[in-house]
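Everything below concerns the one structure shown next.
The values are calculated or read from the model by the stated rules, or taken from the named source; none is laboratory data. Note that the structure is predicted; figures quoted are calculated from it, not measured. Because the Cβ atoms are built from the backbone with ideal geometry, glycine has one as well, and the counts that use them run over all protein chains shown.
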Amino acid sequence: MSTRRIILMYISEVSGHHSATLAIEATLRKLEPQAEILNINAFNYTNPISESVRSRPTMRSLASLLLVYLLLFLVLEQFRPLM
């Protein structure tokens, strides 16, 4: 059986999203120790300047955009051959 690769993304170090991804990561490591889990701050990953943006409307818009990118990633991952 191939090793699962899982990506968890949050949008700010000081958000509930980060706490949630840490909890999910800890649970996944218990359930599936051999899984490769990447837990990243999407703002720093895509654009380091965006980490400094803190307004709620901007955060909601970016969170929605992040969700769209994540869904696109998951769909495209289904069609990528395993390495």
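Looking only at segment 7-45, which residues are within 9 Å of the chain's Cα centre (by Cα), closer than 17 Å to LEU74 by Cβ and part of a strand (DSSP E or B)?
Correct list: ILE7, LEU8, MET9, TYR10, LEU38, ASN39, ILE40.
Looking at (1) more than 12 Å from the chain's Cα centre (by Cα); (2) surrounded by 13 or more Cβ atoms within 10 Å (Cβ to Cβ); (3) modelled with pLDDT under 85, find the lone condition where ALA63 falls short.
Of the numbered conditions (1) more than 12 Å from the chain's Cα centre (by Cα); (2) surrounded by 13 or more Cβ atoms within 10 Å (Cβ to Cβ); (3) modelled with pLDDT under 85, the odd one out for ALA63 is (1).
Could you please let me know if ARG80 is among the basic types (Lys, Arg) and modelled with pLDDT of 85 or more? Please lay out each step first, then the result.
On the way: among the basic types (Lys, Arg): yes; modelled with pLDDT of 85 or more: no.
It is false that ARG80 is among the basic types (Lys, Arg) and modelled with pLDDT of 85 or more.
If you take the residues in segment 10-43 that are modelled with pLDDT under 90 and among the β-branched types (Val, Ile, Thr), which one is surrounded by the fewest Cβ atoms within 10 Å (Cβ to Cβ)?
By that ranking, first place goes to VAL14.
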